[in-house]
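Visitor: Sharing a structure with you now.
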Amino acid sequence: MKRRNFLKSSVVALTLPTFSISAANPILKRTISSSGESIPCIGMGTWITFDVSTTQSNINYRTKILQHFFANGGSMIDSSPMYGTAQDILGKCLMQFDAPPSLFSTTKVWTPGEWLGIKQMEASKKLWGINKFDLMQIHNLLDWQTHIKTLYEWRDTGRIRYIGVTTSHGRRHEDLIKVMQSENIDFVQFTYNISHIEAEKILLPLAAEKGISVIVNRPFDGGNLFNKIEDKSLPEWAKELDCYNWAQYFLKYILSHPAVTVAIPATSQVEHMNENMGALKGELPSATMRNKMRSHFLALL
């Protein structure tokens, strides 16, 4: 899906961000509940956008996307064996860097069975070119009762730092709730955005209650949010929240929920990455402003 608010200058789109990360110009971070470690609130997904052929031109351009991600203060990158060539492409891109110290590596296990799960996680580590993952998740709860035992062991022995489970598209919430209530996990990942707020009813409050950090996938509903607002202009009052494009508007709505830790929009465009990462700066909406933002969005539909 394409956004309607492209930057006007392709020259600007291919330059590194102009602001610098400093104590005087901080970025928005949240604390990982189980450890107290802080992490930038905007990460990066790789579904579809990094699932491309392994040509040098594809690797070069996605390396440029990563350059902008890290330059803007990014840390968490999320992938999965389900995402085709995404992990292979990502690993080849990361080889172009001198091991970015800010990288928070996040992937998933997505196969039935203990043995296959272990082999798949080891293969993912080789594809990324890293010694260990920061976070390993069970993708869409596939055979989670089996994999959770392995992840506990790996976390206890230091082979991974955190463990979690995922769903997407608003599916399997009942199963997810059971896992959140019964298991000692660090992270949970699910879909939440200004158009789909089902997670506000149970999942987000439960995560806060249990001390489970939340990763939000599909923050733009797979690009559908941009299609819905088409060429409509941002409301003037959005500037009060340091929102200068619809991507920042949608992301700050998500980040303003206190139970959300990180949102992971995916993009295949440098200019979109810069827009996304701009949501790490400035004010977050109050509860009153959150309601105003959603009401305004719904009124445009």
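The values are calculated or read from the model by the stated rules, or taken from the named source; none is laboratory data. Bear in mind that the values here come from a model prediction, so they are computed numbers and not experimental data. Here the Cβ positions follow ideal geometry from the backbone for every residue, glycine too, while neighbour counts run over all protein chains shown.
Visitor: Mind checking which residues of the stretch 247-268 are surrounded by 19 or more Cβ atoms within 10 Å (Cβ to Cβ) and more than 15 Å from ILE42 (Cβ to Cβ)?
Guide: Hit for the stretch 247-268 is ALA259, nothing else.
Visitor: Within the group GLY170, GLY158, which residue is among the small types (Gly, Ala, Ser) and either in a strand (DSSP E or B) or in contact with a helix residue (DSSP H, G or I) (Cβ under 9 Å, 6 or more places away or on another chain) (or both)?
Guide: The match here is GLY170.
Visitor: So, one more: Determine which member of the set SER80, SER105 is without any contact (Cβ under 8 Å) to a residue 60 or more places away in the chain, polar (S, T, N, Q) and touching a His at 6+ places or on another chain (Cβ under 8 Å).
Guide: Going through SER80, SER105 in turn, the sole match is SER80.
Visitor: Which helices (runs of 4 or more DSSP H) sit wholly inside the stretch 209-287 and have at least 3 residues that are within 16 Å of the chain's Cα centre (by Cα) and in contact (Cβ under 8 Å) with a residue 60 or more places away in the chain?
Guide: Per the criteria, 246-255, 270-277.
Here's the yes/no breakdown for (1) touching a helix residue (DSSP H, G or I) at 6+ places or on another chain (Cβ under 9 Å); (2) within 30 Å of TYR61 (Cα to Cα):
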| position | (1), (2) |
| --- | --- |
| HIS196 | yes, no |
| ILE212 | yes, no |
| ILE215 | no, yes |
| GLU236 | no, no |
| TYR244 | yes, yes |
| GLN248 | yes, yes |
| LEU284 | yes, no |
| SER295 | no, no |
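Visitor: Go over the candidates ASP186, ASP175 one by one and state the one that is modelled with pLDDT of 95 or more, over 20 Å from ASP78 (Cβ atoms) and acidic (Asp, Glu).
Guide: Just one listed residue meets the conditions, ASP175.
Visitor: Looking at the stretch 105-125, is at least one residue surrounded by fewer than 15 Cβ atoms within 10 Å (Cβ to Cβ), more than 15 Å from the chain's Cα centre (by Cα), small (Gly, Ala, Ser) and modelled with pLDDT under 95?
Guide: For the stretch 105-125, residues surrounded by fewer than 15 Cβ atoms within 10 Å (Cβ to Cβ), more than 15 Å from the chain's Cα centre (by Cα), small (Gly, Ala, Ser) and modelled with pLDDT under 95: absent.
Visitor: Quick check on the stretch 133-140. Is at least one of its residues modelled with pLDDT of 95 or more, loosely packed, with under 14 Cβ neighbours inside 10 Å and not in a strand (DSSP E or B)?
Guide: So far as the stretch 133-140 goes, no, none of its residues is modelled with pLDDT of 95 or more, loosely packed, with under 14 Cβ neighbours inside 10 Å and not in a strand (DSSP E or B).
Visitor: Taking LYS178 as the residue in question, decide whether it is assigned to a helix (DSSP H, G or I), surrounded by fewer than 16 Cβ atoms within 10 Å (Cβ to Cβ) and not hydrophobic (A, V, I, L, M, F, W, C).
Guide: yes
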